[in-house]
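Shown next, in structure tokens, is the structure this report addresses.
The values are calculated or read from the model by the stated rules, or taken from the named source; none is laboratory data. Keep in mind the model is a prediction, meaning the values are calculated, not measured. For neighbour counting, all protein chains shown are included, and Cβ atoms are generated from backbone atoms with ideal geometry for every residue, glycine included.
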Amino acid sequence: MSTPPNPSEIPKSDAKPSDPLPNQPPPESPEPETAAEGEEEEEEGECGFCLFMKGGGCKDTFINWEDCVKEAEDKNEDLVEKCAEVTAKLKQCMDEHSDYYEPILRAEKHAEEQVTIELEKEKQDLAAAAAENQQEAPSNQK
């Protein structure tokens with residue numbers, strides 16, 4: 001009889017909230033909505049990310065953010081400018097409920113780190129190109 005593996009030794013899964021669980025039948029295709037069941041059907045057809053976000057303490061704040069994004073898209077407005085305040089409130093709420101939203105916060109932090117790395121690399125590449133151009137410039141003038 002073997003002992004169960006230590007949880008820290010179990011590899012992390014790449015499964016996302018929208019991925020079906022093993023041995024779970026695939027979701028059925030949605031049927032046309034009737035007016036009475038429209039809202040219920042909409043929730044069933046939501047993306048895994050949305051369901052996850054609404055499952056924590058920031059449900060109302062997330063719904064406000066979703067509404068702002070939809071309105072900005074519908075009116076062809078600048079999403080970042082229009083929804084800056086509601087986005088900041090959502091981020092603050094997620095930080096306050098970090099025990100639940102930790103996977104999203106961790107992914108966001110990783111993305112920010114990658115952007116910082118890329119920007120630093122671009123700055124180094126530009127500096128190297130500028131230095132190379134300065135060295136070539138005097139020889140081109142002869």
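Are any of the residues in the range 78-85 free of Cβ contacts under 8 Å to residues at least 60 places away in the same chain and not in a helix (DSSP H, G or I)? Talk me through it step by step, then tell me what you get.
Pass one, the range 78-85, residues free of Cβ contacts under 8 Å to residues at least 60 places away in the same chain: 78-85.
Now restrict to residues that are not in a helix (DSSP H, G or I): 78, 83.
Scanning the range 78-85 turns up at least one residue that is free of Cβ contacts under 8 Å to residues at least 60 places away in the same chain and not in a helix (DSSP H, G or I).
Only one residue in 87, 116 is in contact with a helix residue (DSSP H, G or I) (Cβ under 8 Å, 6 or more places away or on another chain) and not small (Gly, Ala, Ser). Which one? Give the steps one after another, and end with the answer.
On the way: 116 fails: in contact with a helix residue (DSSP H, G or I) (Cβ under 8 Å, 6 or more places away or on another chain).
Only one candidate passes the filter, namely 87.
Quick check on residue 38: is it out of contact with any strand residue (DSSP E or B) (no Cβ under 8 Å at 6 or more places or on another chain) and modelled with pLDDT of 90 or more?
no
Which number in (1) over 22 Å from residue 109 (Cβ atoms); (2) surrounded by 10 or more Cβ atoms within 10 Å (Cβ to Cβ); (3) modelled with pLDDT of 50 or more marks the one condition that residue 48 misses?
(1)
One residue is enough: does the range 54-64 have a residue meeting the conditions surrounded by 17 or more Cβ atoms within 10 Å (Cβ to Cβ), within 14 Å of residue 100 (Cβ to Cβ) and under 14 Å from the mean Cα position of the chain (by Cα)?
yes
Is it true that residue 112 is exposed (fewer than 12 other Cβ atoms within 10 Å of the Cβ), free of Cβ contacts under 8 Å to residues at least 60 places away in the same chain and under 16 Å from the mean Cα position of the chain (by Cα)? Spell out how you get there, then give the answer.
Working: exposed (fewer than 12 other Cβ atoms within 10 Å of the Cβ): yes; free of Cβ contacts under 8 Å to residues at least 60 places away in the same chain: yes; under 16 Å from the mean Cα position of the chain (by Cα): yes.
Spelling it out, residue 112 is indeed exposed (fewer than 12 other Cβ atoms within 10 Å of the Cβ), free of Cβ contacts under 8 Å to residues at least 60 places away in the same chain and under 16 Å from the mean Cα position of the chain (by Cα).
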